[in-house]
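Structure first, commentary second.
The values are calculated or read from the model by the stated rules, or taken from the named source; none is laboratory data. If you're wondering where the values come from, they're calculated on a predicted model, not measured in any experiment. As a convention, Cβ positions derive from the backbone with ideal geometry for all residues, glycine included, and neighbour counts pool all protein chains shown. Surface accessibility is based on the protein's heavy atoms, side chains included, excluding ligands, DNA and RNA. Shrake-Rupley method; radii C 1.70, N 1.55, O 1.52, S 1.80 Å.
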Amino acid sequence: MNTKPSAPRWIRKVIQQQNSYHVPPAGDFIKLDAMENPWPMPEEIKQGWLDALSAVQLNRYPDPVASALVSRLRAVMEIPADSAIMLGNGSDELIQAIMMAVAGENSTVLSPSPSFVMYEVLARACGLSFAGVPLQQNFTLDMSAMRVAIEEHQPAVIFLASPNNPTGAAFQQAEIEEILNHAPGLVVVDEAYQPFVRDHREDFMYRLKDYPDLMVMRTLSKVGLAGIRLGLIAGHADWIRELDKLRLPYNINSLTQTTAAFALDHWQEFQTQIDDICSERDRVFSTLSSLEGITAWPSDTNFILFRVSDDRAKIIHSKLLNKGILIKCLHGASSALDNCLRVTIGCPEENDAFLEKLLEILSDA
Ligand SMILES: *Cc1c(COP(=O)(O)O)cnc(C)c1O
């Protein structure tokens, strides 16, 4: 008789080698680690949202194509009329669908590094090779390294998070165009932070018509709706038609469809929050930059990456925790991120608390 589960024999080796996605418990901390919008649904519209939710028929399956939601997304995100779109239970699910669609022993997924960790995690889980091309020291693209890597790996897919997580800046438009011109396969521009970008002429949603192998990904997670899990990808119908075969039926639940449609009907309220977050970001950045021993990188997102001196990232991270503030420690994630920490922009009181505690810690030393 077996006394032990046979999982080690059957679970694929790449899966056994992987770690689960770890989310630290939030406890009573001021939570500035996950790029969430700090503000709840505005009070003035909350009752209207609850009314909309109470009309949802939970006994029925959701609208399989989420048509009411799709038309609002198209309007608010200015998706070109001749581009197709697919919705995901968060953009993570869309990244996964892309990996499953191109998976094969000889296929490679390429992305600059450091970037969003799910590209590598999901590529490997699907049995793909992953090539991370180091960014330059200032976290801009190393175009000659990109050209060489594209030539060498002939990647099925290139992921470009722009603005990039965890570094915060957008890549140069001309460089993304050059990558589009050299890529043999799909190029996904992940615009998760597009709402926080200063100059929207840089958005690639408007460039879909120019590049048949370009897809643009967006999410509602960073703008106040992380809890409902809604992402989207737009691109040529020839790509979307294939990806859609991998989408699980009814992947966007009814509560998400209704909530997202409601939010998009009241987008100005969310836009106001986004504008406030952007001005707080600029305030936190200038304070951080003025501190001795800290290098902060300019950000077009709702977070700021900064480096501390004297090998103190882990100490500062845990001292902040002791003072009730949770940010992200990136030290150890890759050598490019040595002694780097990432703080998400919260509401003004939270940002003040973070800056005040950080200053205390720095002047203790
Ligand atoms: C947060 C993030 C996502 C994932 O967003 P979800 O829609 O919540 O799955 C995708 N890409 C980047 C670059 C991100 O930072």
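How long are the semi-axes of the ellipsoid equivalent to the range 129-259, from square roots of 5 times the Cα gyration tensor eigenvalues, in whole Å, largest first?
Details: eigenvalues 137, 71, 37 Å².
Ellipsoid half-lengths, sorted descending, are 26, 19, 14 Å.
Starting from 0.36 nm per residue, how many nanometres of slack lie between Arg60 and Glu292 once their C-alpha separation is accounted for? Each step should come with its number before you reach the end.
Numbers: separation 232, 0.36 × 232 = 83.52 nm, distance 5.86 nm.
Stretched out fully, the Arg60 to Glu292 stretch lengthens by 77.7 nm.
Could you calculate the contour length gain from Met1 to Arg201, that is, 0.36 nm times the residue separation minus the distance between their Cα atoms, to one decimal place in nm?
Values: separation 200, 0.36 × 200 = 72.00 nm, distance 6.61 nm.
Fully extending the segment from Met1 to Arg201 adds 65.4 nm.
Which number comes out as Rg/Rh for the range 197-266 once both Rg and the Kirkwood Rh are worked out on C-alpha atoms?
Working: Rg = 14.0 Å, Rh = 14.0 Å.
Here Rg/Rh amounts to 1.01.
Which value, in debye to the nearest 20, gives the size of the charge dipole of the range 1-88 about its Cα centre, when Lys and Arg are +1 and Asp and Glu are -1 at the Cβ?
Values: 9 positive and 9 negative charges, 171 e Å.
It comes to approximately 820 debye.
Can you put Lys13, Lys222 in order of accessible area, largest first, using a 1.4 Å probe?
On the way: Lys13 130, Lys222 35 Å².
Sorted by accessible area, descending: Lys13, Lys222.
Heavy atoms only, 1.4 Å probe, whole protein assembly: order Asp28, Asp311, Asp190 by accessible area, highest first. Could you put the intermediate results ahead of the total?
Working: Asp28 160, Asp311 110, Asp190 10 Å².
I get Asp28, Asp311, Asp190, largest accessible area first.
If you find the alpha carbon centre of the range 319-365 and of the range 99-135, how far apart are they in angstrom?
30
Using a 1.4 angstrom probe, figure out how much accessible area the chain has per residue, in square angstrom, rounded to the nearest whole. Don't jump to the answer; show the numbers that get you there.
Values: 17830 Å² over 365 residues.
Heavy-atom accessible area per residue stands at 49 Å².
Show His153, His317 ordered by accessible area, largest first, where the area counts protein heavy atoms only and the probe is 1.4 Å. Walk me through the intermediate numbers first.
Numbers: His153 65, His317 35 Å².
From most accessible down to least: His153, His317.
From the Cα trace of the chain, what convex hull volume per residue do you get, rounded to a whole Å³? Provide the component values of the computation, followed by the final result.
Details: hull volume 63.4 nm³, N = 365.
Roughly 174 Å³ of hull volume per residue.
Under the Kirkwood approximation for Rh and a Cα-based Rg, what ratio Rg/Rh is obtained for the range 1-130?
Details: Rg = 20.6 Å, Rh = 19.6 Å.
With Rg and the Kirkwood Rh in hand, the quotient comes to 1.05.
Starting from the Cα gyration tensor of the range 48-87, take the square roots of the eigenvalues, sort them a ≥ b ≥ c, and report rounded, prolate or oblate (rounded when a/c is under 1.5, otherwise prolate if a/b is larger than b/c, else oblate).
Because a/c hits 1.5 or more and a/b fails to exceed b/c, the range 48-87 counts as oblate.
On a straight-distance basis, which aspartates and glutamates could pair with Lys46 in a cross-link, Cα separation under 18 angstrom, same-chain partners fewer than 8 positions away excluded?
Candidates past the 8-residue exclusion: Asp265, Glu269.
Tell me, what % of the accessible area of the chain is carbon and sulfur with a 1.4 angstrom probe? Present the calculation step by step, with values, prior to reporting the outcome.
Working: 9160 of 17830 Å².
With neighbouring chains kept in place, the figure for the chain is 51 percent.
Looking only at Cα atoms, what is the convex hull volume of the range 255-365 per residue, in Å³? Before the final figure, lay out each step's value.
Values: hull volume 14.2 nm³, N = 111.
That works out to 128 Å³ per residue.
Just the Cα atoms of the range 216-256, one point each, no solvent: what log10 I(q)/I(0) does Debye give at q = 0.15 Å⁻¹?
At q = 0.15 Å⁻¹ the computed log10 ratios are -0.44.
If contacts are Cα pairs under 8 angstrom and at least 6 residues apart, what is the relative contact order of the chain in percent?
Numbers: 605 pairs, mean separation 81.7, N = 365.
Normalised by residue count, the contact order of the chain is 22 percent.
Considering only protein heavy atoms, what is the solvent-accessible area of Arg218 at a probe of 1.4 Å, reported in Å² to the nearest 10?
10
Looking at this model, which pairs from Lys13/Lys245; Lys328/Lys357; Lys31/Lys319; Lys314/Lys357; Lys13/Lys314 are more than 20 angstrom apart at the alpha-carbon?
Working: Lys13/Lys245 27 Å; Lys328/Lys357 15 Å; Lys31/Lys319 15 Å; Lys314/Lys357 15 Å; Lys13/Lys314 31 Å.
Beyond 20 Å: Lys13/Lys245; Lys13/Lys314.
Between the range 196-245 and the range 13-37, how far is it from one alpha carbon centroid to the other, in angstrom?
The range 196-245 and the range 13-37 have Cα centres spaced 24 Å from each other.
Could you tell me the accessible area of Thr219 in Å² (1.4 Å probe, neighbours in place), rounded to the nearest ten?
Rounded to the nearest 10, that gives 10 Å².
Given only helices, namely DSSP H runs of n ≥ 4 each adding -39500 (n - 2.57), what is the per-residue ellipticity at 222 nm of the chain, to the nearest 500 deg cm²/dmol? The partial results should precede the final answer.
Working: 13 runs with 143 residues, N = 365.
It comes out at -12000 deg cm²/dmol, rounded to the nearest 500.
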